[in-house]
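> My structure is below; once you've seen it, I'll send some questions.
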Amino acid sequence: MNYQAVIIQLPLVKESRGERVRTPEDVARVCSDLRNLAQETFQVLSVDAKNNLLDRHVVTIGLVDASLVHPREVFRRAVETNASALILIHNHPSGDPTPSAEDIRVTKQLTEAGRIMDLKVLDHVILGAANRHISMRESGLVEF
């Protein structure tokens, strides 16, 4: 048998403190490395009260068109880093950032979980190809 080793690099490093993340464009810039991935990847940006980036972490790596997300994993690092709020982000490998019904359902669930935990979910940004992205806050699909 012929076995081949594959090295996978994931953006698991803590981002530098002080970078402000205020707009969906800022989120898309900080997470631009997600655009060309072959699998859906769901990540969270934890921010302080002034929207300074505290942490970026991978919650899950899914399939080509789906990713399992649970509030426990989403909020764990935000609590550990004493974040004031968080921003949800994931990519659509198809290149089309249009939210699915499941994207909207999960965002509503996580926003409600954040209210219970007193951790505000500021937005959910979906990255597509060619610098396209959609902010669920700006699109009005979910009430934050």
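Derivation of every value follows stated rules applied to the coordinates shown; laboratory data play no part. These numbers were taken from a predicted model, which means no experiment stands behind them. Glycine gets a Cβ as well: all are built from the backbone with ideal geometry, and neighbour counts include every protein chain shown.
> Please compute, for the alpha-carbon atoms of the range 24-139, the extent along each of the three principal axes and give them in descending order in Å.
34, 24, 24
> A further question on this structure: Using a 7 Å offset from the Cα along the Cα-to-Cβ direction at both ILE104 and GLU80, what is the distance between the two label points in nm, to one decimal?
About 3.4 nm separates the two model spin labels.
> Same structure, new question: What percent do you get for the relative contact order of the range 42-91 when only Cα pairs under 8 Å and 6+ apart count?
That works out to 50 percent.
> Counting DSSP beta bridges with both partners in the range 24-139, what percentage is antiparallel, nearest 5?
About 70 percent, rounded to the nearest 5.
> Amide H to amide H, which residues 5 or more places from LYS120 or on other chains are under 5 Å from it, using H placed in the peptide plane?
Those qualifying (amide H under 5 Å, at least 5 residues apart or on another chain) are LEU86.
> Further, regarding this structure: For each of GLU102, GLU19, count neighbouring Cβ atoms within 10 Å of the residue's Cβ, then give the residues from fewest to most. Mind showing how you got there, number by number?
Values: GLU102 12, GLU19 16.
The order, fewest Cβ neighbours first, is GLU102, GLU19.
> Among rounded, prolate and oblate, which fits the range 74-141 when a ≥ b ≥ c are the square roots of the eigenvalues of its C-alpha gyration tensor, a/c under 1.5 means rounded, and a/b larger than b/c means prolate?
Prolate is the answer for the range 74-141, as a/c is 1.5 or above and a/b outweighs b/c.
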